[in-house]
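Structure first, then comments.
The values are calculated or read from the model by the stated rules, or taken from the named source; none is laboratory data. Worth saying up front: this structure is predicted, and the values here are computed from it rather than measured. For neighbour counting, all protein chains shown are included, and Cβ atoms are generated from backbone atoms with ideal geometry for every residue, glycine included.
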Amino acid sequence: MAVQSLRAIRRKIRAVRNLQKIMTAMKMVAAARLRRVQDRVTAGKPYTEKMRWLVETLAPHLPAIEHPLLQVRPVQRRGLVVVTGDKGLCGAYNNNIIRTAQVFMSQDGAAPFVLYCIGRKGCDFFARRGYQVARYRPQLPVTAPFAQFKAVAEDIVQWFVSGEVDEVHIAYGEFVNALVQRPKIVPLLPIKTDGAGDTGQGTREAREYIFEPPAPELLALLLPRYVEHQVYHILLESLASENAARMNAMSQAADNAEELIKQLTLQANKVRQWNITKELLEITTAVEAMRRARD
């Protein structure tokens, strides 16, 4: 019975070691993807920030013209874009975003929410619980070209411009660093320019601008591109956050596997020592019995 237990323990050790190898490999893959996404975020961040500054600085100085992306309508249906992953094994990353989205939707019941889910985890969760999921897209891969991110942004813009929703917020995982990722919800549409042009000291730039091409044409070019790069940056941050969370989760799982292997090895040694002690007792008993038989 003890021998069978020892064999069972050794089988467990082999199984845990195999799992540990898989976890370590997944950690390395996540780390490589994280580095790749971080490079893209770093490369695109100056452009995105400059685009934001340009819109916020110029918009208050534009003539009173109408543009669909600036149009503020009475809110009858609120759109929420929820960005999660397609897969798990990334700790509480997906659950934190979903929980944050639920809290956000429960805070204001004046207008119903319509969901645009990017990533299978969020879509499955909300669809099973009866939320209205109007649109769904799978998560974009780390190597996706800008054109695919642009297509997502154009779809969100069309969702708003068509009147299906009157405002759009987006819930995603903000990437702080490799160890910290925070769920965050930010407004996306309509584009708000209140308080724009702030220089950081509470004053606005007292400048007059001459627009060439004319302001309507400038807005038609600038605002869609602004939304595209906002969505691009958010989706890249989400990918970085997910891969950082997966890297940390797999690292912790590999460490736990190592600790479990140590415990199982100690248990196996105890069983082996018990087997040796038992065999010695049996031999000693047999020798004593033979000695008595001779006497």
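Restricting to region 239-262, count the residues that are under 18 Å from Arg120 (Cβ atoms) and among the charged types (D, E, K, R).
Qualifying residue count, region 239-262: 2.
If the requirement is being surrounded by 19 or more Cβ atoms within 10 Å (Cβ to Cβ) and not hydroxyl-bearing (Ser, Thr, Tyr), which of these qualifies: Ile261, Ile234? So that I can check it myself, show each step before the final result.
Details: Ile261 fails: surrounded by 19 or more Cβ atoms within 10 Å (Cβ to Cβ).
Every option except Ile234 fails the conditions.
Okay, residues lined up against (1) part of a helix (DSSP H, G or I); (2) farther than 30 Å from Leu260 by Cα; (3) touching a strand residue (DSSP E or B) at 6+ places or on another chain (Cβ under 8 Å); (4) hydroxyl-bearing (Ser, Thr, Tyr):
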residue	(1), (2), (3), (4)
Thr24	yes, no, no, yes
Glu49	yes, yes, no, no
Trp53	yes, yes, no, no
Cys90	no, no, no, no
Ser106	yes, yes, no, yes
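Restricting to region 78-130, name every residue that is within 25 Å of Leu34 (Cβ to Cβ) and basic (Lys, Arg).
The answer is Lys87, Arg99, Arg120, Lys121.
Given the options Glu217, Glu228, name the one that is out of contact with any Asp or Glu (no Cβ under 6 Å at 6 or more places or on another chain), in a helix (DSSP H, G or I), acidic (Asp, Glu) and modelled with pLDDT of 90 or more. Break it down stepwise before answering.
Values: Glu217 fails: modelled with pLDDT of 90 or more.
That would be Glu228, the only listed residue that is out of contact with any Asp or Glu (no Cβ under 6 Å at 6 or more places or on another chain), in a helix (DSSP H, G or I), acidic (Asp, Glu) and modelled with pLDDT of 90 or more.
Looking at Asn95 and the list (1) free of Cβ contacts under 8 Å to residues at least 60 places away in the same chain; (2) more than 19 Å from Asn248 (Cβ to Cβ), which single condition is not satisfied?
Failing condition for Asn95: (2).
Taking region 111-164, which residues are in a loop (DSSP other than H, G, I, E, B), within 20 Å of Arg77 (Cβ to Cβ) and of a type in the set (Gly, Ala, Ser)?
Hits for region 111-164 are Ala111, Gly130, Ser162, Gly163.
State which residue is farthest from the chain's Cα centre (by Cα) when the search covers only region 36-46 and only residues that are exposed (fewer than 13 other Cβ atoms within 10 Å of the Cβ) and not polar (S, T, N, Q). Break it down stepwise before answering.
Of all residues in region 36-46, those exposed (fewer than 13 other Cβ atoms within 10 Å of the Cβ) come to 39, 42-43, 46.
Then drop every residue that is not not polar (S, T, N, Q), which leaves 39, 43, 46.
Details: Asp39: 17, Ala43: 20, Pro46: 22 Å.
So the residue we want is Pro46.
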